[in-house]
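Beneath this line is the structure, given in structure tokens, with notes to follow.
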């Protein structure tokens, strides 16, 4: 199917069905609603003559990954870093900060990075973790990816993994001024080297708010 067939199905089949089924409780997040005035990132692609509707659809994902997700690692996670405690008896820099990491995708996991004393009579310490990695804990269970689970919920008529309408509307109320400010100031996405950790400005921003990156942590696969 070409792009026009996809668009026809969306406009004349999926949207009417969805609105008839749930009425005003249904909100499209990416429907070019006039109240979502910012077109900064869309324009960024247009200026570079990238057709985001270059079907078949896998071409779109390849282009987005190449231009937007060209990092050395694909992951989405929440990382909470804890500050050092007072009264540290070890030499400066030997104790690394503890971190609580919640990885959303891929390889869903929750783990706590911390320092522990090495076994034995000495006082040496090393970085280790308390780890709940789903793929290791549930080896016999097939874990669906995010969109696979999302489509299943749609077919089943379940809203468990969807935000409520009022939450979605409130999120746009918060983010729309931010997007408008980006558009007003003509802020451009920051370029970075393909395959790197990302722009150095990202590291600078974390440092500004007190985050410390050491790069010394080495994850060791558990032996169950």
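What the table shows:
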read-out: Unmet criterion (only one of (1) at pLDDT 85 or above; (2) within 25 Å of residue 129 (Cβ to Cβ); (3) within 19 Å of the chain's Cα centre (by Cα)) for residue 203; value: (1)
read-out: Scope the range 106-138; condition in a helix (DSSP H, G or I) and either in contact (Cβ under 8 Å) with a residue 40 or more places away in the chain or on the phi > 0 side of the Ramachandran plot (or both); matching residues; value: 136
read-out: Neighbours by Cβ (under 6 Å, 6+ apart or cross-chain): first from the range 149-169, surrounded by 12 or more Cβ atoms within 10 Å (Cβ to Cβ); second at pLDDT below 80 and part of a helix (DSSP H, G or I); value: 165/25
read-out: Selection status of residue 204, under 25 Å from residue 97 (Cβ atoms) and loosely packed, with under 11 Cβ neighbours inside 10 Å; value: yes
read-out: Qualifying positions in the range 191-201 - in contact (Cβ under 8 Å) with a residue 12 or more places away in the chain and either surrounded by fewer than 11 Cβ atoms within 10 Å (Cβ to Cβ) or on the phi > 0 side of the Ramachandran plot (or both); value: 194, 195, 198
read-out: Within the range 139-224, helices (runs of 4 or more DSSP H) holding 1 or more residues that are touching a strand residue (DSSP E or B) at 6+ places or on another chain (Cβ under 7 Å); value: 146-156
read-out: Scope the range 79-109; condition loosely packed, with under 15 Cβ neighbours inside 10 Å and closer than 20 Å to residue 215 by Cα; matching residues; value: 79, 80, 82, 83, 84, 90, 91, 92, 93, 94, 102
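So that you can scan it fast, the table gives a plain yes or no per residue for (1) over 22 Å from the mean Cα position of the chain (by Cα); (2) under 19 Å from residue 219 (Cα atoms):
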site: 86; (1), (2): yes, no
site: 96; (1), (2): yes, yes
site: 119; (1), (2): yes, yes
site: 127; (1), (2): yes, yes
site: 137; (1), (2): yes, yes
site: 151; (1), (2): no, no
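The values are calculated or read from the model by the stated rules, or taken from the named source; none is laboratory data. These numbers were taken from a predicted model, which means no experiment stands behind them. Reconstructed Cβ throughout: ideal geometry from the backbone, glycine too, with neighbour counts over all protein chains shown.
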